[in-house]
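Remarks on the structure that follows.
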Amino acid sequence: MAGNFGLVCLCIFVVFVITSGCTSQPVNLTRENITVNQTISTAITRLEYHRIYLDAQGESHFDTVMVEQSLVTAAPPAPPLYLSANKPATSYLFYSFQPGWYGDWHPVPARQFMALLSGEVEVETSDGDIQQFGPGDIILLEDMGGKGHRSRNIGDEYLSFFVVQIPAA
């Protein structure tokens, strides 16, 4: 199980790095008399993901959450890397939806991160806000009650997500 959790964390980290869209600059990192010349993103210390949550009246809304990272030595002898705080996860799975799939109003079955791997999805919250997401977007779904949200595959291909379920907040 611990190996799977590490794989999940690595996959999420890779998706964050790939989708950060940040500018970069060269940085020299030194470890035990070995100098590594790497290009480090100037904004990699702050990443963001989307969130769908419920308010006290049971209505769902969108939000954007910033993730702070620090340069740490996490896997010696590999050079330092940027890492966020460690958070618990319970399981992971993959979701795939055929072209034309539509899910009318529904809450999520569990609090979960969904990293979009392929396709395009449109999501509507109960407050009427509609957003579209594509490959590399990450959404934290926390609307486990109320009306929930509705979503649809708006592309011509399968919509695939990598999903990590996490404990209730």
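The values are calculated or read from the model by the stated rules, or taken from the named source; none is laboratory data. Worth saying up front: this structure is predicted, and the values here are computed from it rather than measured. Counting neighbours? That spans all protein chains shown, and the Cβs are built from the backbone with ideal geometry, glycine included.
Numbers for the structure displayed
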read-out: Residue match in region 108-129 (condition: under 17 Å from the mean Cα position of the chain (by Cα), touching a residue at least 60 places away in the same chain (Cβ under 8 Å), exposed (fewer than 15 other Cβ atoms within 10 Å of the Cβ) and under 18 Å from residue 164 (Cα atoms)); value: no
read-out: Answer from 126, 70, 118 - the residue that is modelled with pLDDT of 95 or more, hydroxyl-bearing (Ser, Thr, Tyr), over 26 Å from residue 55 (Cα atoms) and touching a strand residue (DSSP E or B) at 6+ places or on another chain (Cβ under 9 Å); value: 118
read-out: Given (1) outside any loop (DSSP other than H, G, I, E, B); (2) under 17 Å from the mean Cα position of the chain (by Cα); (3) among the hydrophobic types (A, V, I, L, M, F, W, C), index of the condition residue 85 fails; value: (1)
read-out: Residues (of a type in the set (Ser, Thr, Tyr) and part of a strand (DSSP E or B)) located in region 59-82; value: 60, 64, 70, 82
read-out: Selected residue (only one of 53, 92 is touching a residue at least 24 places away in the same chain (Cβ under 8 Å), more than 21 Å from residue 147 (Cβ to Cβ) and surrounded by 16 or more Cβ atoms within 10 Å (Cβ to Cβ)); value: 92
read-out: Residue check, residue 104 within 26 Å of residue 152 (Cα to Cα), over 19 Å from the mean Cα position of the chain (by Cα) and modelled with pLDDT of 95 or more; value: yes
read-out: Failed item, numbered, when residue 43 is tested on (1) at pLDDT 90 or above; (2) assigned to a loop (DSSP other than H, G, I, E, B); (3) out of contact with any Lys or Arg (no Cβ under 9 Å at 6 or more places or on another chain); value: (1)
